[in-house]
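Since the structure comes first, as structure tokens, the remarks are kept for the end.
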Amino acid sequence: MAIPLKINIDSIMKLPLPKRMLVLAAVNLVIVGAVYWFLIGPKYSEVKGLRGTLQELNIKLNENRLIAADIPKYLQEKEEMENKLKNAVAQLPNEKEIPDLIDSISSAGEKAGLKILIFRPGKEVKKGFYAEVPVNMSVEGKFEGLFDFSDRVGRLPRIVNISGMDITSTGHRNRVPVLKASFVATTFRFIPTPADGAQGAQGAQGAPKK
């Protein structure tokens, strides 16, 4: 319920100067309080809330700027990884090339001066887009021959890993130590996807006939 407030100006003007100053100060204080309560107070709370929102937006903006600054770096890394994958896939022979590659491994052993005791291709193991093709081998010869064989295999155009090598001595031949090495030479075969097969078929159909 509003309380009516009546101010008698004439009565105030008749008061002594110090009291008039006190009344004027009280009136000004009431006016300032009313202005703050009804106008400034609500706006201050709103401004305070907006400042908090602005601070959060600035933090998010800075985070997005950092992310945006790293996008070229991520794109470059993605492109480099894709190129590495393409190069790796290019070193994986297809099914038709596997026999020739296995012959190349055998030939590398013979050219290195090794006597091939066991040369047994194993069952391939699928690993997604490629398959491992192991070849169980056992060879006999000089240490230099084993080194030469490893070097020749490493220089083949296709990927071949030699693992599980077990080397034992079989004695001497002309005072030269003879070694026997058993290991697994693993190569990898590319497994084409249905899309790759369809593209290959389209390319074959579109190729000019000789």
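Bear in mind that the values in this text are calculations on the coordinates, not laboratory data. Computed from a prediction, not measured in an experiment: that's the story for all the values here. Please note: Cβ atoms are built from the backbone with ideal geometry, for glycine as well, and neighbour counts cover all protein chains shown.
Tell me, what is the FRET efficiency for residue 170 and residue 147 to the nearest 0.05, using R0 = 22 angstrom and their Cβ-Cβ distance as r?
My answer for the efficiency is 0.80.
Farthest toward the positive end of the dipole of the range 95-194, out of 188, 177, 161, is the Cα of 177, where the dipole comes from beta carbon charges about the Cα centre.
Per-residue extension of 0.36 nm, minus the Cα-Cα distance of residue 59 and residue 127, leaves a gain of 20.0 nm for this segment.
Note on the range 95-194: the alpha carbon radius of gyration divided by the globular reference 2.2 N^0.38 Å gives 1.16.
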